[in-house]
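Chemist: Got a structure for you, written out below as structure tokens; questions coming shortly.
The values are calculated or read from the model by the stated rules, or taken from the named source; none is laboratory data. Please read all numbers here as calculations on a predicted model, not as lab measurements. As a convention, Cβ positions derive from the backbone with ideal geometry for all residues, glycine included, and neighbour counts pool all protein chains shown. Calculation scope for accessible area: heavy atoms of the full protein, side chains included, ligands and nucleic acids excluded. Shrake-Rupley method; radii C 1.70, N 1.55, O 1.52, S 1.80 Å.
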Amino acid sequence: MKKIFFSLAALALFTTSCVDESDDYNLDHDGAYNVSAGSLLTNAQKELADQMTTPSVNLNVFRFFTQYWAATQYTTESKYRVTTRKIPDNHWNALYRDVLGNLESAKKAIAAEVKPTTVADADWAVQQKNKLAIIEIQEVYTFQVLVDTFGDVPYTDALNPSIVLPTYDNDSTIYPKLITRLNAALADLDSSGGSFDSGDYIFGGDVGSWKLFGNSLKLKLGINLADVDPTLSKTTVESAYTAGVISSNSENAIFKYVSAAPNYNPIYANLIASGRNDFVPASPIIDAMNNLNDPRRDQYFTLFGSIYKGGNYGYTNAYSNFSHVSDKIKLADAPGPLLESTEVDFYLAEAAARGYSVGDTAENYYNKGIRDSFAFWGLSSSDADAYLLNPDVAYATAAGTWQEKIGNQAWIAYFNRGFESWTTWRRLDYPAITAPASAYPEADGVIPKRLVYPVNEQTVNGTNYQAASTAIGGDRLATKVFWDIH
């Protein structure tokens, strides 16, 4: 018998899973049914939020890369050996198969939907167009994560069921294509009409919120291009700002987890429901916040006696000897952020510092980023005011360049956003964190700048894998993605 193997970038369309948004989605396992676009959207959103939120060392190690968490017993991943558990494979598969695959299937389900007789033709056309634009925005988000994780990835050939072994696109060519797709999707969004009646666990089908999200995503893409294509960066950022971006916590893109299994927050799943004690907050972040007397410590960590004490990053740590992750972060229904006002504020601060026209100064956006972070974590405006008076925090007096000021405060604010923190650190080169002496040789003495390609790609899609590896300068953790030039 002839066996056919697929690269996961192509296999996605054949293996989409389905989680319906209703409470009774598990009832009729044997009955035939058609999967709705809303159900496929729910599944894609949850898979995306899970992958970006989870602390599982089998799936997501970015909290280690940014030195937020330290390990208690199993230190392999905190020392940058990421292939033992096939972490790159799992990250790749989650995004290509479970997110993009479901989104592509949702597009097909939308195309097959029949207009209710009670809905006018014009209203139906607007609604369906809005649905497809919302799907497009989430696909752009997902491809951006893939590029920022691996560098060159399958894009043109990806998700095409007729292409078994997709080629890899140059990462620097994917970004402009994502911006073009995003512009088209944003142009298609019409706030006068509806979209998904059910299934959207991020914005509940609100088209205006998706516009803010899409423009904020466009802002992020533009900022990442700043050092390699300043012209495209500037026009992208300025047009996103002019069109309107997320500007308050009430507008944040948040996946809404619930308290019941299996749809609770994966942090709760890994730190509470599992009954395991595999992590403690790491000393680099705790020491930095201790030095600034940062009041967010109580929201991020528990006290160890009367102090906040971080574990030794890259080494084993006795769970009972250090602070722990706060109860607030470990709530079963804690939100899963995908794009926040604080994040947007720091992007705009960076844009202003680079001389882009974004309506305000770098200092004011920097201050707003800190204020929005305090508000998100339930702290008062007076707490933020006092913090900003600290000369080591105040934009005018804090040490270093604008990259250092913004990089340090973004790192603190992104404590529960490991991937976005890793991306900002790679772009700005701050905070000044370094690999531990215990790091494995495959890290080449540095904090990883990317994940290596999945083993499955090496074995199944070997020719295209080899071409991509050569093109990026070697499939190493220390190899940089195209926008990381410092």
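Chemist: Scan the range 441-454 residue by residue and report those that are in contact (Cβ under 8 Å) with a residue 60 or more places away in the chain and open to solvent by 50 Å² or more (accessible area, probe 1.4 Å).
Modeler: The answer is Glu442, and nothing else.
Chemist: While we're here: In the range 163-192, what count of residues is obtained for those that are small (Gly, Ala, Ser) and farther than 22 Å from Ala44 by Cβ? Can you show your working first?
Modeler: Taking the range 163-192 as the starting set, the residues that turn out to be small (Gly, Ala, Ser) are 172, 184-185, 187, 191-192.
Remaining after also requiring farther than 22 Å from Ala44 by Cβ: 172, 187, 191-192.
Qualifying residue count, the range 163-192: 4.
Chemist: Would you confirm, using the coordinates I've provided, whether Ala467 is among the small types (Gly, Ala, Ser), more than 30 Å from Phe346 (Cα to Cα) and modelled with pLDDT of 95 or more? Break it down into steps so the answer makes sense when it comes.
Modeler: On the way: among the small types (Gly, Ala, Ser): yes; more than 30 Å from Phe346 (Cα to Cα): yes; modelled with pLDDT of 95 or more: yes.
Yes, satisfied.
Chemist: Within the range 149-169, is there a residue that is surrounded by fewer than 22 Cβ atoms within 10 Å (Cβ to Cβ), closer than 30 Å to Ala334 by Cβ and touching a helix residue (DSSP H, G or I) at 6+ places or on another chain (Cβ under 7 Å)?
Modeler: yes
Chemist: If you go through the range 385-401 one residue at a time, do you hit one that is within 19 Å of Trp69 (Cβ to Cβ) and touching a Pro at 6+ places or on another chain (Cβ under 6 Å)? Write out each step before concluding.
Modeler: Within the range 385-401, the first condition is being within 19 Å of Trp69 (Cβ to Cβ), and the residues that meet it are none.
No - not one qualifying residue is present in the range 385-401.
Chemist: While we're on this one: Within the range 131-166, how many residues turn out to be farther than 29 Å from Val207 by Cβ, in a helix (DSSP H, G or I) and either touching a Ser or Thr at 6+ places or on another chain (Cβ under 7 Å) or among the aromatic types (Phe, Trp, Tyr) (or both)?
Modeler: Of the residues in that region, 1 qualify.
Chemist: Need pairs with beta-carbon distance below 6 Å; first residue over 19 Å from Gln45 (Cβ atoms) and within the range 121-136, second open to solvent by 40 Å² or more (accessible area, probe 1.4 Å) and in a helix (DSSP H, G or I); sequence gap 6+ or separate chains.
Modeler: Lys129/Asp188
Chemist: One residue is enough: does the range 43-60 have a residue meeting the conditions more than 30 Å from Ala439 (Cβ to Cβ), at pLDDT 55 or above and assigned to a loop (DSSP other than H, G, I, E, B)?
Modeler: no
Chemist: May I pose another question? Within the range 169-191, is there a residue that is assigned to a helix (DSSP H, G or I), touching a residue at least 40 places away in the same chain (Cβ under 8 Å) and within 30 Å of Pro436 (Cβ to Cβ)?
Modeler: Scanning the range 169-191, I find at least one residue that is assigned to a helix (DSSP H, G or I), touching a residue at least 40 places away in the same chain (Cβ under 8 Å) and within 30 Å of Pro436 (Cβ to Cβ), so the answer is yes.
Chemist: Could you check, for the range 406-418, whether at least one of its residues is in contact with a helix residue (DSSP H, G or I) (Cβ under 6 Å, 6 or more places away or on another chain) and over 24 Å from Pro55 (Cβ atoms)?
Modeler: Checked the range 406-418: at least one residue is in contact with a helix residue (DSSP H, G or I) (Cβ under 6 Å, 6 or more places away or on another chain) and over 24 Å from Pro55 (Cβ atoms).
Chemist: Then there is this: Would you mind stating whether Trp425 is within 16 Å of Pro284 (Cβ to Cβ), open to solvent by less than 20 Å² (accessible area, probe 1.4 Å) and under 24 Å from the mean Cα position of the chain (by Cα)?
Modeler: Numbers: within 16 Å of Pro284 (Cβ to Cβ): yes; open to solvent by less than 20 Å² (accessible area, probe 1.4 Å): no; under 24 Å from the mean Cα position of the chain (by Cα): yes.
For Trp425, the condition - within 16 Å of Pro284 (Cβ to Cβ), open to solvent by less than 20 Å² (accessible area, probe 1.4 Å) and under 24 Å from the mean Cα position of the chain (by Cα) - is not met.
Chemist: Which number in (1) in contact (Cβ under 8 Å) with a residue 24 or more places away in the chain; (2) out of contact with any helix residue (DSSP H, G or I) (no Cβ under 7 Å at 6 or more places or on another chain) marks the one condition that Val325 misses?
Modeler: Status for Val325: all satisfied but (2).
Chemist: Right, here's the next one. Of all residues being over 30 Å from Thr316 (Cβ atoms) and of a type in the set (Asp, Glu) in the range 455-486, which is surrounded by the fewest Cβ atoms within 10 Å (Cβ to Cβ)? Just the residue, please.
Modeler: The extreme case among them is Asp484.
Chemist: Filter the range 372-398 for residues that are closer than 26 Å to Pro337 by Cα and either hydrophobic (A, V, I, L, M, F, W, C) or surrounded by 18 or more Cβ atoms within 10 Å (Cβ to Cβ) (or both) and give the result.
Modeler: Residues of the range 372-398 closer than 26 Å to Pro337 by Cα: 372-385, 387-388, 393.
Listed by number, the residues that qualify are Asp372, Ser373, Phe374, Ala375, Phe376, Trp377, Leu379, Ala384, Tyr387, Leu388, Val393.
Chemist: If I filter the range 111-142 down to residues being within 32 Å of the chain's Cα centre (by Cα) and acidic (Asp, Glu), which single residue comes out as surrounded by the fewest Cβ atoms within 10 Å (Cβ to Cβ)?
Modeler: Of the range 111-142, the ones within 32 Å of the chain's Cα centre (by Cα) are 111-113, 125-142.
Cutting the leftovers down to acidic (Asp, Glu) gives us 113, 136, 139.
Values: Glu113: 13, Glu136: 20, Glu139: 22.
The selected residue is Glu113.
Chemist: So, one more: So Ile272 clears everything in (1) out of contact with any Phe, Trp or Tyr (no Cβ under 8 Å at 6 or more places or on another chain); (2) farther than 15 Å from Lys330 by Cα; (3) in contact (Cβ under 8 Å) with a residue 24 or more places away in the chain except one condition, right? Which one?
Modeler: (2)
Chemist: Exactly one of (1) of a type outside the set (Phe, Trp, Tyr); (2) more than 24 Å from Glu238 (Cβ to Cβ); (3) open to solvent by 20 Å² or more (accessible area, probe 1.4 Å) is unmet by Thr401. Its number?
Modeler: So the condition that Thr401 fails would be (2).
Chemist: If you check every pair at least six apart or on different chains, which have Cβ atoms under 6 Å apart with a residue in the range 409-437 that is free of Cβ contacts under 8 Å to residues at least 60 places away in the same chain first and a residue that is not in a loop (DSSP other than H, G, I, E, B) second?
Modeler: Tyr430/Gln403; Tyr430/Glu404; Tyr430/Gly407; Tyr430/Asn408
Chemist: Which condition from (1) open to solvent by 20 Å² or more (accessible area, probe 1.4 Å); (2) among the hydrophobic types (A, V, I, L, M, F, W, C); (3) under 17 Å from the mean Cα position of the chain (by Cα) is the one that Ile202 breaks?
Modeler: Of (1) open to solvent by 20 Å² or more (accessible area, probe 1.4 Å); (2) among the hydrophobic types (A, V, I, L, M, F, W, C); (3) under 17 Å from the mean Cα position of the chain (by Cα), only one is false for Ile202: (1).
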